[in-house]
Amino acid sequence: MDNQLLIGLVEQSIPQSDVDVRLFSGDDHFEMRVVSPAFIGKTKVAQHQMVYQALGNHMQSRIHALALKTYTPEQWQQTENKE
Amino acid sequence: MDSEQKNIDKLVHEHDVVLFMKGTPQFPQCGFSQRVVGLLQEAGAPYAAVNVLLDDAIREGVKAYANWPTIPQLYVKGEFIGGCDIISEMHESGELNTLLTPFRSKDGN
């Protein structure tokens with residue numbers, strides 16, 4: 001699964017999104033972080049559904065291996081300040 | 001809504017808290033399902049578990065029902081709350097505890 005393809009799919013369909021994909025070492029799980037103002041005012045479920053929508057059937061078989069984290073720019077700012 | 005979706009709709013509304021999972025709370029068959037079972041146990045709220053491995057129609061039907069591609073899926077009062085990622089985040093922020101407090105059995109076990 002090509003990370004650039006996944007990033008491109010999400011960036012194309014979710015406005016002003018900043019996408020990062022990382023493979024967990026050792027097994028086939030991977031984490032995707034998406035930050036976008038398009039998430040503002042949306043529930044976590046709705047935010048994740050937007051990402052799944054963008055990925056479409058590109059990930060049908062491996063979707064369960066994806067750990068997804070979504071943030072509005074403000075939420076991401078707070079998370080970064082904590083780290 | 002076809003008969004399968006009606007069946008799922010019924011399942012979702014039969015109990016306050018419903019978890020669609022792979023396997024059972026005693027024998028979860030997937031790491032994500034196992035994690036959510038653990039978080040629900042920690043929150044101390046009773047829930048009805050539906051083992052999707054026993055019925056492919058439910059396993060695929062519930063994904064269409066919630067427009068959500070994976071299992072496990074947690075529902076509270078008929079509303080889709082999320083899968084493993086979201087439930088874990090809600091646990092860390094304390095939101096899960098707040099959400100489930102009203103359903104804890106009265107003797108507070």
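The values are calculated or read from the model by the stated rules, or taken from the named source; none is laboratory data. Not measured: the values here are computed from a predicted model. Every residue, glycine as well, gets a Cβ built from its backbone with ideal geometry; the counts of neighbours run over all protein chains shown. Quick note on the areas: whole protein, heavy atoms, side chains included, nothing else; ligands and nucleic acids left out. Shrake-Rupley method; radii C 1.70, N 1.55, O 1.52, S 1.80 Å.
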Considering every residue within segment B:41-61, establish whether at least one is among the aliphatic types (A, V, I, L, M), free of Cβ contacts under 8 Å to residues at least 24 places away in the same chain and farther than 24 Å from A:Q53 by Cβ.
yes
> Does A:Q75 satisfy the criteria of being free of Cβ contacts under 8 Å to residues at least 60 places away in the same chain, farther than 28 Å from B:K22 by Cβ and either surrounded by fewer than 13 Cβ atoms within 10 Å (Cβ to Cβ) or within 14 Å of another protein chain (Cβ to nearest Cβ) (or both)?
Replying inline: yes
Matching residues in segment A:51-72 (touching a Pro at 6+ places or on another chain (Cβ under 7 Å), within 23 Å of A:G41 (Cα to Cα) and at the interface with chain B (Cβ under 9 Å from one of its Cβ atoms)) number 1
Within segment A:13-55, residues over 25 Å from B:G31 (Cβ atoms) and in contact with an Asp or Glu (Cβ under 6 Å, 6 or more places away or on another chain) come out as A:S17, A:V35
Counting only residues in segment B:1-25 that are assigned to a loop (DSSP other than H, G, I, E, B) and closer than 13 Å to B:Y65 by Cβ, the one most open to solvent (accessible area, probe 1.4 Å) is identified as B:M1
Taking segment B:61-95 and keeping only residues that are more than 12 Å from chain A (Cβ to nearest Cβ) and over 15 Å from B:V12 (Cβ atoms), one is left with B:H91, B:G94
Filtering helices (runs of 4 or more DSSP H) wholly in segment B:26-108 for at least 1 residues that are small (G, A, S) and surrounded by fewer than 15 Cβ atoms within 10 Å (Cβ to Cβ) gives B:31-43, B:56-66, B:84-93
